[in-house]
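Participant: Supplied in structure tokens, the structure appears directly below.
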Amino acid sequence: MTYLDHAATTPMLPGAAEAMAQQLGAVGNASSLHASGRAARRVVEESREAIAAALGARPSELIFTSGGTESDNLAVKGIFWSRRESDSRRRLIISPTEHHAVLDAVEWLHKHEGAQVCWLPTDSHGRVSVDALLACIEEDPDDVALVSIMWANNEVGTVNDITALAQVCTPFGIPLHTDAVQAVGILPLDVTASGVDALTMTGHKLGGPYGAGVLMLSTDVSATPLSHGGGQERDVRSGTLDTPAVRGLSVGVQEAVVGRTERAARLAALRDRLVDGIQAEIPDAVLNGSPVDSVVAGGPGRLPGNAHLSFPGCEGDALLMLLDARGIECSTGSACSAGVSQPSHVLLAMGAEVERARGSLRFSLGHTSTEADVDHLLEVIPAVVERARRAGLSGARR
Amino acid sequence: MNVIAAMSGGVDSAVASALMVEAGHAVTGIHLALASTPDASRIGSRGCCTVADANDARRVADVLDIPFYVWNLADRFRADVVDDFVAEYAAGRTPNPCVRCNERIKFAAVLDRALALGFDAVVTGHHARLDAGVLRRSVDVGKDQSYVLATLTDRQLGLAVFPLGEMTKDQVRQEAARRGLLVADKPDSHDICFIADGDTRGFLGKHLGARIGDVIDDQTGHVVGQHHGAHGFTVGQRRGLSLGVPAADGKPRYVLSVSVADNTVRVGPGEALEIGFIRTGAPVWHTDVAVGEPLDCIVQLRAHGMTSPATVTPYEHRTEIALHRGQRGIAAGQTAVFYGGADADVVLGAARIETADRVLTDTSPR
Ligand SMILES: Cc1ncc(COP(=O)(O)O)c(C=O)c1O
């Protein structure tokens, strides 16, 4: 099996799986007052401190959640509700390339809660500029509830200069939330230095467990809870903590961050070979997103493990199926619940045509990727593309 | 063989796929997403392409341990089936969207794509037999679907596999249950899949607009009522006429003809629906015929309609059908399917009805 879909989820690191399995055998509700409870609580707090250290945040800023989707919803809805209540602010400033966990939360607030949305323009790589953000804020700074811009895009891998964008928000006292699901453990990232007020991360994209994540929420920013109950996690996220998942997450984050520089360099080299190899075999294949050697804020301008390409005349669905049949796993971008692929909203926001969006594939490398994976892909891709081209876009159009 | 199985999420395609897997073929399950708007595929409608149906199909594929994908053919389906359906009604004809879907989607768009991608054939759960290229009715005559497959060309049929033809529907359900497939007792879908609430007239009204017109008594020429658009009526229809003036003889009245051009519906007694002579458009033949040589056969004129002995005369791009027994409620746009063979279950050919006439020509069997 050649697994080239690490941006969807990456295998758990053995250390994280082991720590989690060990904790599964221990009893204890982290809110209980007796010894078992205290033991569980200790695991949670040690994990919180370790994750905070790895992210450059303070432990008191971290809220454990069920993953990226919940963290994004909590940040977007929670901060919007809170700021609307305190200051009657209604505007959300959002990048159109966000993950659906942000996009759909924003659309929902617009439809049901009277939120007004300012969609930021992006360049053809999907990057948001400081000037665009400033212009959008200045339209009516006192009405802005929240800005949400992702650190790195999950489809095309484009990295935003979050530190510079946060500096735009700070003088206006406007909180900036960033979805850093794809960035943690891959890009240089220091929460405090970046100046963000809220940051989403999730375990299963970096070698930690599924269904476990964090919302870093500055203690200066309040968020209205999505669910009410026992008042755990600063009263923002009620519910008995999943101690084994929290422990697994902590080990995953630490290992990912510790090995980051080395892994990023290795993945970038593999990815470059993959992209060069594909373009040598299929000269009209187009790399979408930021160039592989682009630089943002002194770091990579594109996620090192990301290769997102359009194959003119092919349909992404057909390519995916043909590759799957040959043991190569990748992705076409966003899939809705029925598995019907829609042309990627990210590519469309970048100004790509529908055909180009439909004819694209994302290959994403991660900690278990090898040269052999790239070899395998390069070996089969010419024939697969040729076949898909023959099938053409016939299914999609007349 | 390396085949695509079209998996709707229903019991028939589930068992058809299972039989192919068990026969040793390499099967890839495909669910066709045909609803145009994402919302339409989200509502828990009775249609054939809801998210729940896609999930049912996916679960069957899991159990069979075969790859499974969703193919989005919504654009083609809308253009080739839904828009055609509306246009046909607008032109005063009564289309059969399942025939059209088989001709244009399942055994055209899907088949072409499957072949281009390296597959050998398309498998469906239709109830029909296909032996050595010969299309026959299912052994379960009540569930037989050869009618909606009859206009496929020999090339299309040569690339199709219908594994269920020798089974009754009950047997199909038993086979599903025996394999632990949860769709075993899923109800059959009956309605037009893209009209989720079953309200065809409401659907047409929305697409074609309501326009008040007259209902005319065919015998007296008098206006006996009003309607909201002639396109909402089908020849042979009796219900929903809401006529102000009762018939002189007190007998029920039926729609005899529909003219969308002048937005009128003509009604009359049941006897007046009796049709004896039909002209069709270009036929598809699965047997050797000679132009101008009459052929005795059994003809079926509606998906669930009665059959009648008939004499068909093939011409270059049309046929003429003389029915030996009058038939009621024959509408232009429906398909005439010709059956022959010892058991009158072999599909000889098919063509679309263009005009239907009351004259019973030569009723003597030849
Ligand atoms: C950028 C981004 N945000 C949010 C999510 C959702 O995270 P989770 O799967 O943990 O809910 C993902 C993963 O699909 C992602 O890539």
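The values are calculated or read from the model by the stated rules, or taken from the named source; none is laboratory data. These figures come from a predicted structure and were not determined experimentally. All Cβ positions, even for glycine, are placed from backbone atoms using ideal geometry, and neighbour counts span all protein chains on display. Quick note on the areas: whole protein, heavy atoms, side chains included, nothing else; ligands and nucleic acids left out. Shrake-Rupley method; radii C 1.70, N 1.55, O 1.52, S 1.80 Å.
Participant: With N residues in chain B, what two-decimal value do you get for its Cα radius of gyration over 2.2 N^0.38 Å?
Facilitator: On the way: Rg = 21.6 Å, N = 366, 2.2 N^0.38 = 20.7 Å.
Rg over 2.2 N^0.38 Å, computed on Cα atoms: 1.04.
Participant: Let me ask you something else. Please give the per residue volume of the convex hull enclosing the alpha carbon atoms of the range A:258-369, rounded to a whole number of Å³. Could you put the intermediate results ahead of the total?
Facilitator: Details: hull volume 14.5 nm³, N = 112.
Looking at the range A:258-369, the number lands at 129 Å³ per residue.
Participant: List, in order, the whole-Hz ³J(HN,Hα) value for each residue of the range A:43-60 obtained from phi through the Karplus relation with A = 6.51, B = -1.76, C = 1.60 and θ = phi - 60°; use x for Gly and Pro.
Facilitator: For the range A:43-60, the Karplus curve yields 4, 4, 6, 5, 5, 4, 5, 5, 5, 4, 4, 5, 9, x, 10, 8, x, 5 Hz.
Participant: Between residue B:206 and residue A:227, what is the spin-label point distance in nm, taking each point 7 Å from the Cα along the Cα→C-beta axis?
Facilitator: 3.5
Participant: Still on this structure, please answer the following. Can you give me the % of accessible surface on the range B:210-271 that is carbon or sulfur? Probe 1.4 Å, all protein chains present, nothing else counted. Mind showing how you got there, number by number?
Facilitator: Numbers: 1700 of 3280 Å².
Exposed carbon and sulfur together represent 52 percent of the surface.
Participant: Further question on the same structure: What nm value, rounded to one decimal, do you get for the distance between residue A:27 and residue A:88 when each label is placed 7 Å out toward the C-beta?
Facilitator: 5.5
Participant: Give me the aspartates and glutamates in straight-line cross-link reach of residue B:143: C-alpha distance below 12 Å, same-chain residues under 8 apart excluded.
Facilitator: Excluding near neighbours in sequence, the set is B:12, B:166, B:170, B:188.
Participant: So, one more: For chain A, the longest stretch holding no GluC sites (Glu not before Pro) located in a DSSP loop with at most 12 other Cβ atoms within 10 Å is which?
Facilitator: A:140-352
Participant: Then there's this: Mind listing P(r) for the range B:210-271? All alpha-carbon pairs, 10 Å bins, whole percents.
Facilitator: In order of increasing distance, the bins hold 26, 62, 12, 0 percent.
Participant: Taking R0 as 35 Å, what FRET efficiency do you get between residue B:251 and residue B:303 from their Cβ-Cβ distance, rounded to the nearest 0.05? Write down the numbers at each step before the final one.
Facilitator: Numbers: r = 27 Å, r/R0 = 0.78.
That pair, residue B:251 with residue B:303, gives E of 0.80.
Participant: With everything on Cα atoms, drop me the angle between helix B:11-22 and the longest principal axis of chain B, reported from 0 to 90° to the nearest 10.
Facilitator: For helix B:11-22, the angle is close to 40 degrees.
Participant: Also: For residue A:285, list long-range residues whose amide hydrogen, built 1.01 Å from N in the peptide plane, is under 5 Å from its own amide hydrogen.
Facilitator: Placed amide hydrogens put nothing under 5 Å from residue A:285.
Participant: Right, next: If you fit an axis through the alpha-carbon atoms of helix A:14-24 and take the longest principal axis of the Cα set of chain A, what angle between them do you get, 0 to 90°, nearest 10?
Facilitator: Roughly 40 degrees, rounded to the nearest 10.
Participant: Bins of 10 Å, beginning at zero and ending with the bin holding the largest distance: percent of Cα pairs per bin for the range B:46-174, please.
Facilitator: 11, 35, 41, 12, 1
Participant: Pull out the extension gain between residue A:390 and residue A:38, defined as 0.36 nm times the separation in residues minus the alpha carbon to alpha carbon distance; nm, one decimal. All intermediate terms of the calculation are to be shown ahead of the outcome.
Facilitator: On the way: separation 352, 0.36 × 352 = 126.72 nm, distance 6.38 nm.
Length gained between residue A:390 and residue A:38: 120.3 nm.
Participant: Just tell me how shielded B:60-72 is by partners: mean number of partner chain Cβ atoms within 10 Å of each residue's Cβ, no decimals.
Facilitator: Details: counts 0, 0, 0, 0, 0, 0, 0, 3, 2, 7, 7, 9, 11.
Other-chain Cβ atoms within 10 Å of each residue's Cβ, averaged: 3.
Participant: Quick check: net charge around residue A:183, other residues with Cβ under 15 Å of its Cβ, Lys/Arg +1 and Asp/Glu -1? List each step's numbers first, then the result.
Facilitator: Working: positive: A:127, A:205, A:260, A:263, A:302; negative: A:72, A:98, A:155, A:161, A:179, A:190.
Once positives and negatives cancel, what remains is -1.
Participant: For a paramagnetic label modelled at 7 Å from the Cα of residue A:297 toward its Cβ, which residues of the range A:111-150 fall within the zone defined by backbone nitrogen distances under 17 Å?
Facilitator: The answer is A:126-134, A:147-150.
Participant: Further, regarding this structure: With θ set to phi - 60° and the Karplus curve 6.51 cos²θ - 1.76 cosθ + 1.60, what are the ³J(HN,Hα) couplings of the range B:261-270 in order, to the nearest whole Hz, using x for Gly and Pro?
Facilitator: 4, 9, 6, 10, 10, 9, 10, x, x, x
Participant: For the B and A pair, go ahead and give the buried accessible area with a 1.4 Å probe, both sides summed, in Å² to 100. Please list the in-between numbers first.
Facilitator: Values: alone 16840 and 16170 Å², together 31170 Å².
The B and A chains share an interface burying roughly 1800 Å².
Participant: Average partner chain C-beta neighbours within 10 Å, per residue of B:113-119? Please report the intermediate quantities before stating the final value.
Facilitator: On the way: counts 10, 2, 2, 9, 11, 7, 0.
Other-chain Cβ atoms within 10 Å of each residue's Cβ, averaged: 6.
Participant: Please list, ordered by chain and number, the residues whose modelled amide H lies under 5 Å from the amide H of residue B:345; skip anything fewer than 5 residues away on the same chain.
Facilitator: Correct list: B:340.
Participant: Set the Förster radius R0 to 51 Å, insert the Cβ-Cβ distance between residue B:90 and residue B:23 as r into 1/(1 + (r/R0)^6), and round the FRET efficiency to 0.05. Working shown, then result.
Facilitator: Details: r = 45 Å, r/R0 = 0.89.
Between residue B:90 and residue B:23 the formula returns 0.65.
Participant: Got a number for the accessible area of residue A:179? Probe 1.4 Å, square angstrom, nearest 10.
Facilitator: It works out to around 10 Å².
Participant: Separate question: Consider all pairwise Cα distances in the range B:257-366 and report the whole-number % of them above 17 Å. Show your work: numbers first, answer last.
Facilitator: Working: 3071 of 5995 pairs.
Summing the P(r) of the range B:257-366 above 17 Å gives 51 percent of all pairs.
Participant: Using a simple spin-label model with points 7 Å from Cα along the Cα→Cβ vector, what separation in nm is obtained for residue B:179 and residue B:52?
Facilitator: The two pseudo-label positions are separated by 2.3 nm.
Participant: Output the pairs from A:111/B:186; B:106/B:169; B:169/B:251; B:186/B:251 with a Cα-Cα distance over 31 Å in this structure; if there are none, say none. Write down the numbers at each step before the final one.
Facilitator: Details: A:111/B:186 36 Å; B:106/B:169 21 Å; B:169/B:251 39 Å; B:186/B:251 41 Å.
In this structure, A:111/B:186; B:169/B:251; B:186/B:251 lie more than 31 Å apart at Cα.
Participant: Is the shape of the range A:1-118 rounded, prolate or oblate, going by the alpha carbon gyration tensor and its root eigenvalues a ≥ b ≥ c, with a/c under 1.5 for rounded and a/b larger than b/c for prolate? List each step's numbers first, then the result.
Facilitator: Values: a/c = 2.71, a/b = 1.50, b/c = 1.80.
Taking the square roots of the gyration eigenvalues as a ≥ b ≥ c, the range A:1-118 is oblate.
Participant: Let me ask something else. Evaluate peptide B:132-143: per residue, the Cβ atoms of other protein chains within 10 Å of its Cβ; return the mean as an integer.
Facilitator: On the way: counts 0, 0, 0, 0, 0, 0, 0, 0, 0, 0, 0, 0.
Neighbouring Cβ atoms belonging to other protein chains average 0 per residue here.
Participant: Report, in degrees rounded to the nearest 10, the 0 to 90 angle that the Cα long axis of helix B:169-178 makes with the longest principal axis of chain B.
Facilitator: 20
Participant: So, how do all the Cα-to-Cα distances of the protein assembly as shown break down into 20 Å bins, in percent, from 0 on up?
Facilitator: Percent of Cα pairs in each bin: 15, 37, 30, 16, 3.
Participant: How big is the range A:219-295 by Rg and Dmax over its Cα atoms, in Å?
Facilitator: Taking only Cα atoms of the range A:219-295, I get Rg and Dmax of 21.3, 59 Å.
Participant: What FRET efficiency, computed as 1/(1 + (r/R0)^6) with R0 = 41 Å and r the Cβ-Cβ distance, is obtained for residue A:193 and residue A:279, rounded to the nearest 0.05? Present the calculation step by step, with values, prior to reporting the outcome.
Facilitator: Working: r = 36 Å, r/R0 = 0.89.
According to the calculation, E is roughly 0.70.
Participant: Residues with beta-carbon under 9 Å from that of residue B:128, excluding residue B:128: net charge, scoring Lys, Arg +1 and Asp, Glu -1?
Facilitator: Details: positive: B:129, B:136, B:137; negative: B:144.
Here the count lands on +2.
Participant: What translational diffusion coefficient, to the nearest whole µm²/s, does the range A:186-338 have by Stokes-Einstein, given a Kirkwood radius computed over alpha-carbon pairs, a temperature of 25 °C and 0.890 mPa s viscosity? Please report the intermediate quantities before stating the final value.
Facilitator: On the way: Rh = 18.9 Å.
Diffusion coefficient, whole number: 130 µm²/s.
Participant: Ordered by residue, what ³J(HN,Hα) values in Hz, to whole numbers, does the range A:300-311 give under the Karplus form 6.51 cos²θ - 1.76 cosθ + 1.60, where θ = phi - 60° and Gly and Pro are x?
Facilitator: For the range A:300-311, the Karplus-derived couplings read x, x, 9, 3, x, x, 9, 10, 10, 10, 9, 10 Hz, x marking Gly and Pro.
Participant: To the nearest whole percent, what portion of all C-alpha pairs in chain A is separated by more than 36 angstrom?
Facilitator: Working: 19592 of 79003 pairs.
The answer is 25 percent, as a whole percent.
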